[in-house]
Amino acid sequence: MSPRRELRSKLASRAVQVAFVAGVLLLWYLGTNYWGISPILLPNPVKVWAELRDVLATGEFWPDLRVTLTELVTAFAISCTGGVTLGYAISRSPFCIKVFEPLLAGVYSIPIILFLPLYVLFFGLGPGSKIAIGATISFFPIVLNTVAGFGYVDKIFVTAARSMGASNIQMFWHVLLPAALPVILTGLRIGFTVALLSILGSETLASLAGLGHRIVHLAEGMETARMFAYIAFAVVIAACLNATVSGLERRSKR
Amino acid sequence: MTTGDVAVRVRDVSHQFGEPSDKQHVRALLDTSLDITRGELLCLIGPSGCGKSTLLNMIGGLLEPTSGTVDVAGKAVRGPLPRDIAFVFQENALFPWCTVIENVKLGMVFQGVAKSEQDGRARKSLEAVGLKDFINHYPAQLSGGMRQRAALARALSLETDIILMDEPFGALDEQTRMILGEDLSVLLAATGKTIVFVTHSLGEAVYLADRVAVFSARPGRIKEIIAVNEPHPRKPSFVTTEKFSNLRNTLYGLLHDEIRKAVEQSAAVGPAL
């Protein structure tokens, strides 16, 4: 495709996307204002916007946001360290790969969130259980991608480096790591996303604080408009975080 | 010939993959002996699976012979010898995450060249292979022929006495191959290095080599060694001479039966091999 046509098709798809979002907002507005949808079920978008501005202006979101972000950062740090270290260790032996890769992939495919009650029993209602479940769920994509990254480095690169006299440390830094990095980074991005999802989700199920907790609390108090405002806030935060991580991934892959 | 003239001495070398009891047991090379003279370009040619690459990897210390010995510069080979031997592989052995010049420098980092020397040597060798204007390109941005030039520059920058080339032009089209062969002949004539070059192409072997070692079908051994006796650098017109076609025909005669044997072998063993 010529650059000009490419630009035109890009603009066209952007226009459709914007129109779609605008259409949804319009339906929302019409539905709540004129078609008699109960404000308890679906509050007016103008009302939600006012609530959101209030939430931001008063800064009452800070304690909950701090709790959620602390849980997220801690969980991700744990799963990164554990996943990358263990993944590298497994990738060093074809036998280990053969044994552990299907095992880990198998565990990854079960819905670990079902064990949340158990986590709450072990770690309490506070941040501990959120950190633990977030770390567990994000551990699997990270360890699996690390195994895939380090375990399937093209042999010719290793042979070439060895023929030129590369030491084991040089082999790791100059050959294995750069060869594996794109796959590992993808694992980290997926791990980050599922950690965020599972932490927000488990906050809505059993917790004492956090954005998920706040949303459920407002829902139970029938403060639907404010609840929607918090949902919008959480969505924006999540989108920003995911965009940052994806951006980092793209930049380091070049 | 005195021992001083011998760069590589191969004595009664055999190599087998797997144990004799295994189903997949393959005797790749059988009791091969060979002296490679300092400064010569020796081509190894033979049917697929005859052990040419196996022999090359054993000379370079990447593979241990099942029996027999390989000496390089008078010392037994026990592992890679980055100060004596550089490799050029078939394809894609450049690191895709490094630019061309970074690739060349990384080889020197591995070999242990002082940092202050790396840049100058990298530029010099890249200029020698005609890639002066492409040093900051990534391998993916280069054609197959240019990638092999870069791989050759990486090998040259290591300033080893010996370069082992494993079908370096094997994946290239005929025209690119021809030009690279001509350039290689000019380049190597100037350096006086010892080169061992594995190829499938009869023309390439005659055009480049001082001697051509013809391998038999598996288990491979050297069937005959043909001397080319034509000074380097070879002129492109060498290809059109009667001498060239006679040598090529001789090689064809030696190889034809072996290739047929190799094909029958692989048909008997089945498509897995």
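Numbers for the structure displayed
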quantity	calculated
Which listed residue is in contact with a Ser or Thr (Cβ under 7 Å, 6 or more places away or on another chain), closer than 30 Å to B:Pro82 by Cα and crowded, with 19+ Cβ neighbours inside 10 Å, from A:Gly210, A:Gly151	A:Gly151
Positions within region B:119-141 being more than 13 Å from chain A (Cβ to nearest Cβ), in a helix (DSSP H, G or I) and either among the polar types (S, T, N, Q) or under 19 Å from B:Thr176 (Cα atoms) (or both), in sequence order	B:Ser125, B:Leu126, B:Glu127, B:Ala128, B:Lys132, B:Asp133, B:Phe134
Region B:35-66: number of residues that are more than 14 Å from chain A (Cβ to nearest Cβ) and not hydroxyl-bearing (Ser, Thr, Tyr)	18
Sole residue being surrounded by fewer than 20 Cβ atoms within 10 Å (Cβ to Cβ), in contact with a strand residue (DSSP E or B) (Cβ under 8 Å, 6 or more places away or on another chain), more than 30 Å from B:Lys132 (Cα to Cα) and of a type in the set (A, V, I, L, M, F, W, C), chosen from B:Val72, B:Val6	B:Val6
Filtered residues of region B:78-89 (kept if surrounded by fewer than 22 Cβ atoms within 10 Å (Cβ to Cβ) and either more than 8 Å from every other protein chain (Cβ to nearest Cβ) or of a type in the set (A, V, I, L, M) (or both))	B:Arg78, B:Gly79, B:Leu81, B:Asp84
Sole exception among (1) buried (at least 20 other Cβ atoms within 10 Å of the Cβ); (2) in a helix (DSSP H, G or I) for A:Ala166, by number	(2)
Helices (runs of 4 or more DSSP H) contained in region A:7-117 and holding at least 3 residues surrounded by 13 or more Cβ atoms within 10 Å (Cβ to Cβ) and over 26 Å from the mean Cα position of the chain (by Cα)	A:45-58
Residue match in region B:67-76 (condition: within 19 Å of the chain's Cα centre (by Cα) and under 25 Å from B:Ile259 (Cα atoms))	no
Condition broken by A:Lys155, with the remaining ones in (1) in contact with a helix residue (DSSP H, G or I) (Cβ under 9 Å, 6 or more places away or on another chain); (2) within 14 Å of chain B (Cβ to nearest Cβ) satisfied	(1)
Enumeration of residues in region B:67-77 that are within 14 Å of another protein chain (Cβ to nearest Cβ) and either touching a Phe, Trp or Tyr at 6+ places or on another chain (Cβ under 6 Å) or not in a loop (DSSP other than H, G, I, E, B) (or both)	B:Val72
Residue within region A:180-197 that is among the charged types (D, E, K, R), in contact (Cβ under 8 Å) with a residue 24 or more places away in the chain, more than 14 Å from chain B (Cβ to nearest Cβ) and closer than 24 Å to A:Val46 by Cβ present	no
Unmet requirement for B:Val104, which otherwise passes all of (1) β-branched (Val, Ile, Thr); (2) closer than 30 Å to B:Arg11 by Cβ; (3) out of contact with any Gly (no Cβ under 8 Å at 6 or more places or on another chain)	(2)
Test for B:Leu94: is it within 12 Å of chain A (Cβ to nearest Cβ) and among the aliphatic types (A, V, I, L, M)	yes
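Condition check ((1) farther than 23 Å from B:Glu102 by Cβ; (2) more than 15 Å from the chain's Cα centre (by Cα); (3) surrounded by fewer than 18 Cβ atoms within 10 Å (Cβ to Cβ)) across all residues:
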| position | (1), (2), (3) |
| --- | --- |
| B:Glu127 | no, yes, yes |
| B:Asn136 | no, yes, yes |
| B:Thr191 | yes, yes, yes |
| B:Leu202 | yes, no, no |
| B:Lys223 | yes, yes, yes |
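To keep it simple, each residue is scored yes or no on (1) hydroxyl-bearing (Ser, Thr, Tyr); (2) out of contact with any strand residue (DSSP E or B) (no Cβ under 6 Å at 6 or more places or on another chain); (3) outside the structural domain of A:Lys98 (by TED's automatic domain parsing).
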{"position": "A:Gly124", "(1), (2), (3)": "no, yes, no"}
{"position": "A:Ala135", "(1), (2), (3)": "no, yes, no"}
{"position": "A:Asn145", "(1), (2), (3)": "no, yes, no"}
{"position": "A:Phe150", "(1), (2), (3)": "no, yes, no"}
{"position": "A:Val153", "(1), (2), (3)": "no, yes, no"}
{"position": "A:Ser163", "(1), (2), (3)": "yes, no, no"}
{"position": "A:Thr186", "(1), (2), (3)": "yes, yes, no"}
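Yes/no per residue for (1) out of contact with any Asp or Glu (no Cβ under 7 Å at 6 or more places or on another chain); (2) in contact (Cβ under 8 Å) with a residue 40 or more places away in the chain; (3) under 30 Å from A:Trp173 (Cα atoms):
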residue	(1), (2), (3)
B:Ser14	no, yes, no
B:Gln24	yes, no, no
B:Val70	yes, yes, no
B:Ala86	yes, yes, yes
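The values are calculated or read from the model by the stated rules, or taken from the named source; none is laboratory data. Quick caveat, the model's predicted, so the values are computed rather than measured. Quick reminder, even Gly has a Cβ in these numbers, built from the backbone with ideal geometry, and neighbours come from all protein chains shown.
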